[in-house]
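The structure appears below as structure tokens.
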Amino acid sequence: MSFASSLIISPNVEISPSIFGFLDSVRDGSQILDSSRFFSRNRVANLMNKKQKRVNHSHSTELKYPILCQGGYGSVIAASMVANPAGEMAVSAEEKVYNVVLKQAALVKRQLRTAGELDVKPDIVLPGTLSLLNEAYDRCGEVCAEYAKTFSLGTMLMTPERQKAIWAIYVWCRRTDELVDGPNASHITPSALDRWEARLEDLFQGRPFDMLDAALADTVTKFPVDIQPFKDMIEGMRMDLRKSKYKNFDELYLYCYYVAGTVGLMSVPVMGVAPDSQASTESVYNAALALGIANQLTNILRDVGEDARRGRIYLPQDELAQAGLSDEDIFAGRVTDKWRNFMKNQIKRARLFFDEAEKGVLELNKASRWPVWASLLLYRQILDEIEANDYNNFTKRAYVSKAKKLLALPMAYARSLLSP
């Protein structure tokens with residue numbers, strides 16, 4: 001499992017090997033420039049938004065990370081430090097992530113024209129290229145409309161510039177995830193991801209590889225989007241190639257950031273902050289990060305059985321041991337009282353991240369809030385469905401019914417209209 005998805009709401013369809021057409025190109029280095037080859041029918045996953053309001057390390061058997069700070073958005077708990085085998089002090093996963101948050105927030109602040117208004121740069125278009133660029137954005141919009149219907153609907157409230165930029169980010173994330181989580185994942189090697197990262201760097205230097213890259217290349221010239229979260233997402237794909245288990249929540253948290261929290265850091269500069277928001281830029285990024293972490297944790301808890309059948313366990317090994325559970329229990333799909341108690345604590349932690357994320361949604365630009373609220377409300381309901389299934393996430397897939405989705409959308413829209 002990779003790439004959580006934060007703003008997307010349709011968790012089931014399979015994506016064909018040709019949907020993004022670049023699998024062969026990154027595998028053997030050949031170029032594919034015909035964007036019409038990039039799309040066919042198949043699966044969608046999710047994406048957008050994340051946050052984490054500085055969590056403190058707790059070594060309790062119940063909740064290991066989300067002892068959330070009480071001082072509000074501005075407060076920062078002292079960096080969690082852990083000793084490595086050599087006895088040296090190493091920065092924990094949460095501190096590594098927070099350093100990225102600070103960098104992204106500083107970048108946005110440097111780009112502000114007036115309080116709360118992002119500096120969107122004017123188009124600088126060479127003769128004859130405008131129609132191609134519009135076609136690239138239109139193609140990204142078609143992907144979002146087909147594979148992320150609820151999210152695509154929510155973007156309709158955004159300004160055209162923001163809407164197109166979010167489409168471009170979504171498509172890049174989807175293509176990246178498809179490298180290691182799609183039908184051809186077994187053929188992807190670390191060197192293929194290295195080539196994908198080199199292609200990303202070229203994109204940020206104004207040298208797009210194909211039409212879809214061109215849309216993102218244009219986006220990063222207009223909004224204060226930094227390359228680091230994109231590179232971090234690729235690092236998450238590398239983790240999927242080399243890791244199938246996580247020894248503690250610190251490791252799992254870093255993975256969740258890489259594959260899902262990064263999407264929020266990419267998106268906040270585009271979505272914008274409400275002009276009347278009194279929150280710090282860092283707090284808005286933290287809220288986005290929390291939503292990504294919450295969504296990915298929810299994906300993990302929903303897909304325990306599916307991942308186990310692929311030989312993967314995305315649950316903290318130390319917490320499983322503390323609960324009296326083993327890998328064999330998971331591979332066997334045993335729903336016992338020990339498992340139920342373990343799952344209750346995992347769900348409790350995910351809900352804490354959702355609670356923290358909720359505090360920051362209203363700080364976004366009003367036109368950008370609806371898809372974020374929809375993601376938060378619908379993903380949080382998946383946790384309710386796991387409970388309704390008596391914590392059997394081995395053979396029963398928790399999902400939100402269409403009726404519940406339809407009820408949640410107007411609620412999300414109503415919340416998006418509230419003031420910070």
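Restricting attention to the range 375-397, does a residue exist that is more than 27 Å from Tyr246 (Cβ to Cβ) and in contact (Cβ under 8 Å) with a residue 24 or more places away in the chain? Yes, the conditions are met somewhere in the range 375-397. If only residues of the range 399-416 that are part of a loop (DSSP other than H, G, I, E, B) and out of contact with any Leu (no Cβ under 8 Å at 6 or more places or on another chain) are counted, the one that is most open to solvent (accessible area, probe 1.4 Å) is Tyr399. Looking at the structure I just gave you, is Gly360 in contact (Cβ under 8 Å) with a residue 12 or more places away in the chain, under 30 Å from Asp276 (Cα atoms) and of a type outside the set (Lys, Arg)? So Gly360 fits the description; yes.
Figure legend. Inter-residue proximity from the range 302-325: first residues part of a loop (DSSP other than H, G, I, E, B), second residues modelled with pLDDT under 95 and surrounded by fewer than 18 Cβ atoms within 10 Å (Cβ to Cβ), beta-carbon distance below 6 Å, spacing 6+ or different chains. Indicated pairs: Gly311/Ser244; Arg312/Ser244.
Across the range 305-335, which residue is farthest from Met233 (Cα to Cα) among those that are in contact with a strand residue (DSSP E or B) (Cβ under 7 Å, 6 or more places away or on another chain) and hydrophobic (A, V, I, L, M, F, W, C)?
Ile330
If you filter the range 144-185 down to residues that are touching a Lys or Arg at 6+ places or on another chain (Cβ under 9 Å) and among the hydroxyl-bearing types (Ser, Thr, Tyr), you find that the one that is nearest to Gly272 (Cα to Cα) is Thr155. For the range 259-267, state whether one or more residues are open to solvent by 10 Å² or more (accessible area, probe 1.4 Å) and in a helix (DSSP H, G or I). There is no residue in the range 259-267 that is open to solvent by 10 Å² or more (accessible area, probe 1.4 Å) and in a helix (DSSP H, G or I). Kindly establish whether Ala145 is free of Cβ contacts under 8 Å to residues at least 60 places away in the same chain, in contact with a Ser or Thr (Cβ under 6 Å, 6 or more places away or on another chain) and part of a helix (DSSP H, G or I). In short, yes. I'd like to check something: does the range 208-222 contain any residue that is open to solvent by less than 10 Å² (accessible area, probe 1.4 Å), free of Cβ contacts under 8 Å to residues at least 60 places away in the same chain and farther than 22 Å from Cys140 by Cβ? No, the range 208-222 has no match at all. Here Phe204 does not qualify as closer than 30 Å to Asp303 by Cα and surrounded by 17 or more Cβ atoms within 10 Å (Cβ to Cβ). Scanning the range 221-232 for residues that are in contact with a Phe, Trp or Tyr (Cβ under 6 Å, 6 or more places away or on another chain) and among the hydrophobic types (A, V, I, L, M, F, W, C) turns up just one, Ile227.
The values are calculated or read from the model by the stated rules, or taken from the named source; none is laboratory data. Because the structure is a prediction, the values reported are computed rather than measured. Here Cβ is always computed from backbone atoms with ideal geometry, including for glycine, and neighbour counts include all displayed protein chains. Accessible surface areas use protein heavy atoms only, side chains included; no ligands, DNA or RNA. Shrake-Rupley method; radii C 1.70, N 1.55, O 1.52, S 1.80 Å.
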